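The values are calculated or read from the model by the stated rules, or taken from the named source; none is laboratory data. None of these values were measured; they are calculated from a predicted model. Cβ: placed from backbone, ideal geometry, glycine included. Neighbour counts: every protein chain shown.
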Amino acid sequence: MPSPINIPVYSDALVLLGTAGIVIPLVRRFGFNPVLGYLVAGAILGPLGLGTFIGQFPFLYWFTVVDAKNVAGIAELGVVFLLFLIGLELSYERLKTMRRLVFGLGSLQIVFSAAAIGAAVILAGGKPPVPLIIGACLALSSTAIVVEVLSRQGRLTTTAGRASFAILLAQDLAVAPLLLFISIFGTGESGSVAGTLALALANAAIALGVIVVAGRVVMRPLFRLVASVGMSDLFVATTLFVIVAAGVAAAAAGFSMALGAFIAGLLLAETEFRKAIETAIDPFKGLLLGLFFFTVGMNIDFRELARDPVWLLGSAAALVAVKSIILIALARLFRLSWRASIETGLLLGPGGEFAFVAIGMATTLGLIDAKVSSFTVALTSLTMLLIPALAHVARRLAPMIREDKPLDPELTVAPSGGANHAIVIGHGRVGQVVCSMLDRHKFQYIAVDNDAAAVPEQRRQGRTVYYGDATNPEFLKSCGLMEAAAVIVTIGEAKGIDEIVAQVRALRADMLVVSRARDAEHARHLYQIGVTDAVPETIEASLLLSEAALIGLGMAMGLVVASIHEKREEFRHELQQAAGGTRPAGETAGVKRKPPR
């Protein structure tokens with residue numbers, strides 16, 4: 001009796017879900033990037049990996065994906081959800097500020113990269129329209145992987161993150177024209193190609209405008225109606241409906257589903273439902289995006305690598321190098337820093353997932369033969385596999401790159417030294433409050449900071465702050481450390497605090513050192529390395545909260561302040577004792593607090 005369900009579809013779905021539930025937790029446990037985990041799992045468990053041995057080992061049927069088409073539709077939703085969330089994080093105002101990078105930098109990158117890659121295909125013997133199609137396909141980058149990597153690292157809002165996203169958005173906008181070109185060449189239509197393309201683009205633009213207008217008119221009232229019911233499951237269902245509907249509408253107009261979802265997210269970003277929507281779809285986004293990476297991995301054909309490994313690896317290196325060089329040059333032309341330019345170039349140098357769609361269409365229409373198609377897909381997959389590693393390389397290189405910016409004259413002002421003064425290290429929000437209190441009590445101080453952008457502006461506002469590196473002993477000496485009364489460390493970076501304290505203690509073992517600490521554990525560590533007083537942010541917040549509450553409840557202010565001060569001293573004594581000593585509060589090994597002036 002035949003089974004009432006489609007066994008191949010369900011068995012393939014089980015492999016994907018098993019990967020998400022078993023393989024990826026193991027990958028995370030060993031500290032590997034989950035994107036790489038999905039890609040490698042897809043390559044191994046896909047029809048081009050272990051799936052090729054099902055004839056010899058039938059049991060592999062239940063551990064491999066037999067047909068990629070069975071899961072392609074589900075996986076594509078991962079990218080759709082990702083772009084929707086990106087749209088939610090943006091606003092029209094922010095998008096307007098990016099238009100120079102989207103339509104300037106992004107467009108030039110596509111044109112120059114496609115031309116360079118197309119020229120290489122011609123030199124390799126490719127005949128029209130093969131160089132144009134392959135050049136355009138490989139000029140695009142992986143929106144899904146690049147954005148996921150940047151999002152996971154919290155770097156979407158950095159200069160490199162914004163530039164990368166702007167270029168990727170321009171590439172998404174180029175999808176529709178490229179698909180139209182391929183379809184026109186494939187069908188062999190007579191007449192003006194430019195005229196046909198212009199008409200198709202006009203129709204697509206009208207359809208896109210309808211999506212925007214309909215979204216503005218319908219979405220907010222729809223979500224208000226659903227929210228008034230108070231059913232969370234109905235809210236989730238409505239969110240899923242809007243995402244998929246916007247994607248389908250965009251696909252019907254000739255654009256990618258991801259672009260339609262992005263527009264829907266952009267429209268909802270200005271509404272009061274933004275945070276609730278993010279919370280509703282975040283679990284779905286993570287799973288579906290992982291399944292997408294799995295399907296990308298399924299396109300990696302190990303046989304292609306075995307057939308001609310030198311040529312494939314050389315082509316992969318050349319593709320990343322050529323695109324990266326073009327991107328870095330254009331980014332510098334658009335006045336991005338060297339660090340941001342190099343990071344953007346390395347992130348967007350590999351190919352992207354759209355090449356699979358376009359190359360597959362061109363192969364079906366007979367524009368590209370099967371051997372060239374297989375090689376191009378393998379090349380794209382291999383370079384996409386390198387993206388997390390290239391992102392890591394870019395971040396490693398960043399600290400080594402010195403920016404060649406004209407030095408602001410305010411940064412060259414040297415500290416004037418002094419005697420019996422305080423040195424405030426860090427002039428951010430915490431440091432500014434400390435300096436204002438020192439001013440109020442007419443205690444002399446020198447404030448220093450290593451933020452080259454903030455120091456000149458602060459000096460122009462009349463603040464006594466100098467630019468320099470407080471971990472440099474010579475700079476500390478120039479600040480008058482040898483004659484100073486105290487060093488107050490207000491920065492929040494734990495490693496930086498350690499280095500500063502070490503340098504101060506090496507030069508002045510008797511110095512009063514007061515340092516900011518994140519919490520009690522950090523404060524204990526600071527006492528161990530030699531600070532006189534550590535001020536944990538969490539403890540101080542709890543004490544101030546208690547003080548405000550007790551006074552608000554009608555307790556006598558004098559008694560409350562005294563009890564808070566007593567509790568603070570208890571905490572200080574406990575932390576110092578836990579750090580390895582029972583010395584009185586305010587003293588550290590061999591260091592006594594100086595009497596007030």
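The table that follows gives values for the structure above.
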{"quantity": "Thr364 vs. criteria surrounded by 23 or more Cβ atoms within 10 Å (Cβ to Cβ), in the same structural domain as Leu77 (by TED's automatic domain parsing) and either more than 28 Å from Lys127 (Cβ to Cβ) or of a type in the set (Ser, Thr, Tyr) (or both)", "calculated": "no"}
{"quantity": "Index of the failed condition, Gln577 passing every other in (1) in a helix (DSSP H, G or I); (2) closer than 30 Å to Cys479 by Cα", "calculated": "(2)"}
{"quantity": "Selection within the range 286-300 - surrounded by fewer than 22 Cβ atoms within 10 Å (Cβ to Cβ) and not in a helix (DSSP H, G or I)", "calculated": "none"}
{"quantity": "Answer from Ala245, Ala207, Ala160, Ala198 - the residue that is out of contact with any Asp or Glu (no Cβ under 6 Å at 6 or more places or on another chain) and at pLDDT 80 or above", "calculated": "Ala245"}
{"quantity": "Any chance Val218 is closer than 18 Å to Phe81 by Cα, in the same structural domain as Phe81 (by TED's automatic domain parsing) and surrounded by 12 or more Cβ atoms within 10 Å (Cβ to Cβ)", "calculated": "no"}
{"quantity": "Unique match (being within 28 Å of Met257 (Cβ to Cβ) and either in a helix (DSSP H, G or I) or hydroxyl-bearing (Ser, Thr, Tyr) (or both)) among Leu397, Leu379", "calculated": "Leu379"}
{"quantity": "In the range 510-539, residue farthest from Ala494 (Cα to Cα) [restricted to those that are touching a residue at least 12 places away in the same chain (Cβ under 8 Å) and of a type in the set (D, E, K, R)]", "calculated": "Asp510"}
{"quantity": "One residue from Lys594, Lys567 being modelled with pLDDT of 85 or more and either outside any loop (DSSP other than H, G, I, E, B) or under 23 Å from Thr490 (Cβ atoms) (or both)", "calculated": "Lys567"}
{"quantity": "The range 305-344, subset of a type in the set (Lys, Arg) and touching a residue at least 12 places away in the same chain (Cβ under 8 Å), residue surrounded by the most Cβ atoms within 10 Å (Cβ to Cβ)", "calculated": "Lys323"}
{"quantity": "Subset tally (residues that are surrounded by fewer than 19 Cβ atoms within 10 Å (Cβ to Cβ) and modelled with pLDDT of 75 or more) for the range 68-81", "calculated": "0"}
{"quantity": "Residue, surrounded by the most Cβ atoms within 10 Å (Cβ to Cβ), within the range 497-518, restricted to residues that are hydrophobic (A, V, I, L, M, F, W, C) and more than 22 Å from Ile539 (Cβ to Cβ)", "calculated": "Val504"}
{"quantity": "Check on Ser142, out of contact with any Asp or Glu (no Cβ under 6 Å at 6 or more places or on another chain) and either assigned by TED's automatic domain parsing to the domain that holds Pro350 or not basic (Lys, Arg) (or both)", "calculated": "no"}
{"quantity": "The range 104-125 - residue that is in contact (Cβ under 8 Å) with a residue 60 or more places away in the chain and not hydrophobic (A, V, I, L, M, F, W, C) and, of those, farthest from Ala318 (Cα to Cα)", "calculated": "Gly104"}
{"quantity": "Flag if Met482 is over 32 Å from the mean Cα position of the chain (by Cα), surrounded by fewer than 17 Cβ atoms within 10 Å (Cβ to Cβ) and on the phi < 0 side of the Ramachandran plot", "calculated": "yes"}
{"quantity": "Among the candidates Ala340, Ala321, Ala331, Ala316, residue that is part of a helix (DSSP H, G or I) and either closer than 24 Å to Pro34 by Cα or not assigned by TED's automatic domain parsing to the domain that holds Phe165 (or both)", "calculated": "Ala316"}
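Residues checked against (1) aromatic (Phe, Trp, Tyr); (2) over 12 Å from Phe84 (Cα atoms):
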{"position": "Thr238", "(1), (2)": "no, yes"}
{"position": "Val244", "(1), (2)": "no, no"}
{"position": "Ala249", "(1), (2)": "no, yes"}
{"position": "Ala258", "(1), (2)": "no, no"}
{"position": "Phe262", "(1), (2)": "yes, no"}
{"position": "Ala269", "(1), (2)": "no, no"}
{"position": "Thr279", "(1), (2)": "no, yes"}
{"position": "Phe292", "(1), (2)": "yes, yes"}
